[in-house]
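The values are calculated or read from the model by the stated rules, or taken from the named source; none is laboratory data. As the structure is a prediction and not an experimental result, all values here were calculated from the model. Every residue, glycine among them, receives a Cβ derived from its backbone with ideal geometry; neighbour counts consider all protein chains shown. Accessible surface is based on the protein model in full, side chains and every heavy atom, while ligands, DNA and RNA are left aside. Shrake-Rupley method; radii C 1.70, N 1.55, O 1.52, S 1.80 Å.
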Amino acid sequence: MKSLKLISSAIAMLICFVTMAQERTISGIISDKEKQPLPGVTILNQTSKASTQTDFDGKYSIQAKTGDLLVFSFIGFETQRQKVQNSNTMNIILKEYNQTLSEVVVVGYGSSDAGYSDRSYERAERKKTKVAMTAQSNTLYAPSPSVVIHGNAPVAPKNEPIYIIDGVPAKANQISKINPNDIKDLKVLKDVDATSIYGTKGANGVVVIATKNDLYKNLSEKELDKKLNILPIPTEPTQEDYDTFVENAFESPKTAPLSTFSIDVDNASYTNIRRFLNNGQQVPKDAVRVEEMVNFFKYTYPQPKNEHPFSINTEVSDSPWNSNNKILKIGLQGKNIPTNDLPASNLVFLIDVSGSMGDMNKLPLLKQSLKILVNELRPKDKVAIVVYAGAAGLVLPPTSGDEKKTIVDALDNLQSGGSTAGGAGIELAYKIATENFIKSGNNRVILATDGDFNVGSSSNTDMEKLIEEKRKTGVFLTCLGYGMGNYKDSKMEILADKGNGNYAYIDNIQEANRFLGKEFKGSMFAIAKDVKIQIEFNPKQVQAYRLIGYENRKLRPEDFKNDAIDAGELGSNHTVTALYEIIPAGVKSNYLAEQPDALKYTQPETNSNNYSNELATVKFRYKKPDGEKSIEMVQVIENKSIALEKASEDMKFSSAVAWFGLKLRESKLISDKSSDGIVKLAKQGNSNDGEGYKAEFIRLVEGAKQYN
């Protein structure tokens, strides 16, 4: 009996040991002290060296065994280490990092040119790396250095470390210009010690220099160049293409009483800007479309309560960038239609498989993105796949949405190569879509490309004419943009604008999941088309007004009632926000031109009713998705303004986003360009942020200070 107990105990211990030795999936959510999820946090299994990052929801999963040490690191937050216990869930709250860069203890270990091995460095208790620079004369400086950090290969453009001078991000050519006699300390961070502060950007190490008198503290990159006498180096012209436009100016309601424009639900500009900022690059001015930045975010407008497919919501408050002015916010909320009640879909994937799509952030990301969309399909939906390179071809005939494996296999088999016959691809895709047209259904071509059409119909004018012709078929268009370097934003925007469509830039798989998964209904199902807005401002209350953004969506006053004029579409549960800046009557402003003398022959008629309680009247026109005659809605906006601190959180956040966009565009019409002011206002409006996008915006603004 005793031996039986011993055997049982031994078996139990063995099972326990085997269980502990088995790898399993550890998952959880990483957040800050305010419980906001943190995307992009690096999780390293220090035992197995496996690593991963959190998604936009702050979620992660990683393989680990009981006893493994997980290291959680993120720029601006203290590194946290946690051993894996019995639970498969590990939620972590990171604390903000308060220590200054000059106080960071620098350590490095790994293989080196001196012949040290990883183990010998560990035995040496992670020797501190101290780099000494030879003193030189004040007028003669070394060329750009070739830096080697122990454990890394000699630095090349692809594995160059980050340089920090007095807390300011710097470049190798700036390092070379520093007088060695001015250097107080130079340290090197490596591995976890680098990534815990700088995230994945510090994967190749960080060189931190402190000067004796903080000579370069708080300087921008341009100011640092100037102080180091570095002349700007001409850069090669980018192959990315953006349409140029001039921002809207202030207009007088006496000479321009009506402001008319098409709604814009696109948000490609914001994700493209995010890509530039995350890569540490200057944002091209013409890549910034303020309305697309504002409309990336969702606001808490009420659902419509009448027969119309959207509700209308207005608010007036103070301008955060021009203290004497006001901001008028107009918000539309599309009706949320249950998924089961949505009409059947007839989708055609039109995929660019040309040679320019070979990069990892193009065709490989594209295929993974469309798999997210495939997962949303129902049995009553169908999808076909058309590809184009040197020519266009059908690789998958219309296939039921419940045959997901067949559709995914067709996507997996796609490879890139050849030229880009975009025009031929569009022709074939629309042909397939019209042949399988579902009456009262959701008929849509989904174009996925970097926009680099160079065979056949390739000019913007040719593509515009082609897509306007195809619009008459009743087939809608969604454009998905991918890649960088040769990205053709101008073509993508034209196609979406002219094709009863929408346009998104997919910079990573999280964005694909947002646009094609979480917001599938709004992205793919139109509940209203050709939606136009026309506002008449009351000159008794408004001295001047300007529409913020929407420069390429403006219409002539007579276009408002013309049903032949194309405008934007609104999707299920979509929100659309437009902002006007108003100079109230009687306010002096530097943004207004001298007023002309009173006219002798064309005096305006005097109306006995001055509508003193009205700021403006706003009208909307829309068509049903399968309709051809527009329906009009009218709403009066009261002359009632509230202080910004008492305004809604939606007003505060949308104004902060617009403010940042105007700053990126180097607008001449904003007097306050403070990044701190933008961050403060955005934080005040940061609510209803379950997905973490608003918190991410705040981090982008904070990180972009160095490029201002």
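Derived scalar couplings between HN and Hα for segment 465-472 equal 5, 4, 6, 5, 5, 5, 4, 5 Hz in order, rounded to whole Hz, by the Karplus curve 6.51 cos²θ - 1.76 cosθ + 1.60 (θ = phi - 60°), x for Gly and Pro. Cross-link list Lys254/Lys326; Lys405/Lys470; Lys439/Lys529; Lys380/Lys439: which exceed 20 angstrom alpha carbon to alpha carbon? From Lys254/Lys326; Lys405/Lys470; Lys439/Lys529; Lys380/Lys439, over 20 Å: Lys405/Lys470. Placing pseudo-labels 7 Å out from each Cα toward the beta carbon at Lys640 and Gln303 gives an inter-label distance of 2.6 nm.
Averaged per residue, segment 629-676 has 48 square angstrom of accessible surface, using a 1.4 angstrom probe with ligands and nucleic acids left out. Protein heavy-atom accessible surface, 1.4 Å probe, per residue over segment 201-323: 47 Å².
Solvent-accessible area assigned to carbon and sulfur over segment 355-473 amounts to 49 percent, based on a 1.4 Å probe.
Roughly speaking, to the nearest percent, how much of segment 237-281's 1.4 Å accessible area is carbon and sulfur?
On the way: 900 of 1810 Å².
The C+S portion of the solvent-accessible surface of segment 237-281 is 50 percent.
Can you give me the % of accessible surface on segment 483-601 that is carbon or sulfur? Probe 1.4 Å, all protein chains present, nothing else counted. Using a 1.4 Å probe with all protein chains present, segment 483-601 comes out at 49 percent carbon and sulfur. For segment 254-381, a simple Cβ point-charge model (Lys and Arg +1, Asp and Glu -1, everything else neutral) yields a dipole of about 140 debye relative to the Cα centre. Net charge around Gly418, counting only other residues with Cβ within less than 13 Å of its Cβ (Lys, Arg = +1; Asp, Glu = -1)? Every neighbour counted, the sum reads -2. Taking 0.890 mPa s as the viscosity and 25 °C as the temperature, the Stokes-Einstein diffusion coefficient of segment 376-534 based on its alpha-carbon Kirkwood radius rounds to 150 µm²/s.
Charging the Cβ of each Asp and Glu at -1 and of each Lys and Arg at +1, and nothing else, the dipole of segment 334-489 about its Cα centre rounds to 460 debye. Put simply, when 57-69, 242-254 are sorted by average Cβ atoms within 10 angstrom per residue, most first, you get 57-69, 242-254. Rolling a 1.4 angstrom probe over the protein heavy atoms with all chains in place gives segment 415-454 an accessible area of 36 Å² per residue.
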